[in-house]
1. Right, Ala66: under 21 Å from Gln183 (Cα atoms), among the hydrophobic types (A, V, I, L, M, F, W, C) and surrounded by fewer than 19 Cβ atoms within 10 Å (Cβ to Cβ) or not?
2. Considering only residues that are part of a helix (DSSP H, G or I) and acidic (Asp, Glu), which ones fall in the stretch 63-90?
3. Cβ contacts < 8 Å: first residue in contact (Cβ under 8 Å) with a residue 40 or more places away in the chain and under 14 Å from Thr76 (Cα atoms), restricted to the stretch 117-128; second residue surrounded by 21 or more Cβ atoms within 10 Å (Cβ to Cβ) and among the hydroxyl-bearing types (Ser, Thr, Tyr), any location; separation 6+ or different chain. Result?
4. Out of (1) surrounded by 14 or more Cβ atoms within 10 Å (Cβ to Cβ); (2) out of contact with any Phe, Trp or Tyr (no Cβ under 8 Å at 6 or more places or on another chain); (3) of a type in the set (A, V, I, L, M, F, W, C), the odd one out for Leu129 is which?
5. Can you name the number of the only condition in (1) in contact with a strand residue (DSSP E or B) (Cβ under 8 Å, 6 or more places away or on another chain); (2) in a loop (DSSP other than H, G, I, E, B) that Leu93 fails?
6. Can you find a residue in the stretch 72-80 that is surrounded by fewer than 19 Cβ atoms within 10 Å (Cβ to Cβ) and either on the phi < 0 side of the Ramachandran plot or of a type in the set (S, T, N, Q) (or both)?
7. I'd like to check something: does the stretch 37-57 contain any residue that is part of a strand (DSSP E or B), under 21 Å from Pro194 (Cα atoms) and at pLDDT 95 or above?
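The values are calculated or read from the model by the stated rules, or taken from the named source; none is laboratory data. What you are looking at is a predicted structure, and each value in this text was computed from that prediction instead of being measured. All Cβ positions, even for glycine, are placed from backbone atoms using ideal geometry, and neighbour counts span all protein chains on display.
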Amino acid sequence: MIADSSTGILVHQIVFPLEVLGPGKRVGIWLQGCTIHCNGCISPDTWPFDEDAFISFTELRTQLNAFAKLNPDGVTISGGEPFDQAESFLRLLQILRELDFKSIMVYSGYGFEYLKDTFPDYLLLIDILISEPFILEEKNTKLWRGSDNQKIHLTSERAKKELNENQLNDSLYSDQRPLQIIQNQNSLFIAGIPKREDLGAVTLLKQRI
């Protein structure tokens with residue numbers, strides 16, 4: 001999907017600390033580019049495979065190494081669709097493992113069976129995987145998920161030792177829905193999963209920003 005996937009990857013943005021998508025204070029990485037285009041997606045600006053978003057692995061590793069020294073609780077990768085940059089995404093996962101981040105959490109709009117069959121080696125490098133497409137007509141009551149059809153999978157041995165998959169899948173949001181407004185260079189970015197009835201307001205706010 002990109003000019004040279006062997007030397008870099010398309011990245012929408014990187015933020016720290018991210019406290020609303022996964023456990024603890026995390027590094028948030030949003031990749032650029034998606035072919036799934038879920039109806040009602042909160043981040044359609046991440047759909048185009050924009051070459052201006054290209055970052056070399058050398059530069060990316062330098063940035064991530066600086067974040068690793070801050071002792072985050074892990075990394076959360078979203079998009080865009082990470083697996084739509086498959087070769088580059090694999091290298092990103094390898095870099096994160098080399099830098100010894102505590103946990104790697106990934107959002108994908110693809111189904112779990114497809115990912116398990118097509119990218120089995122990738123799943124071994126991921127600790128927490130949230131799969132399935134966002135469906136606007138579904139409820140959104142479940143923790144860290146945009147729609148309730150989405151599932152949480154613990155795909156590494158270390159995650160299975162530390163977390164309970166059934167408990168995570170059953171976890172619900174409270175009445176208070178945490179969102180973050182993050183200043184990133186010259187822009188403001190809303191991170192988190194809003195209530196369905198607030199989705200339009202959040203989208204409008206993003207447009208105004």
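1. yes
2. Those that are part of a helix (DSSP H, G or I) and acidic (Asp, Glu): Asp84, Glu87.
3. Qualifying pairs under 8 Å: Asp127/Ser103; Asp127/Thr155; Ile128/Ser103; Ile128/Thr155.
4. With (1) surrounded by 14 or more Cβ atoms within 10 Å (Cβ to Cβ); (2) out of contact with any Phe, Trp or Tyr (no Cβ under 8 Å at 6 or more places or on another chain); (3) of a type in the set (A, V, I, L, M, F, W, C) applied to Leu129, the lone miss is (2).
5. Status for Leu93: all satisfied but (2).
6. Yes, the stretch 72-80 has at least one match.
7. No, the stretch 37-57 contains no residue that is part of a strand (DSSP E or B), under 21 Å from Pro194 (Cα atoms) and at pLDDT 95 or above.
Yes or no, residue by residue, for (1) farther than 27 Å from Glu165 by Cα; (2) surrounded by 14 or more Cβ atoms within 10 Å (Cβ to Cβ); (3) of a type in the set (A, V, I, L, M):
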residue	(1), (2), (3)
Asn39	yes, no, no
Pro48	yes, yes, no
Ala53	yes, yes, yes
Thr62	yes, no, no
Leu96	no, yes, yes
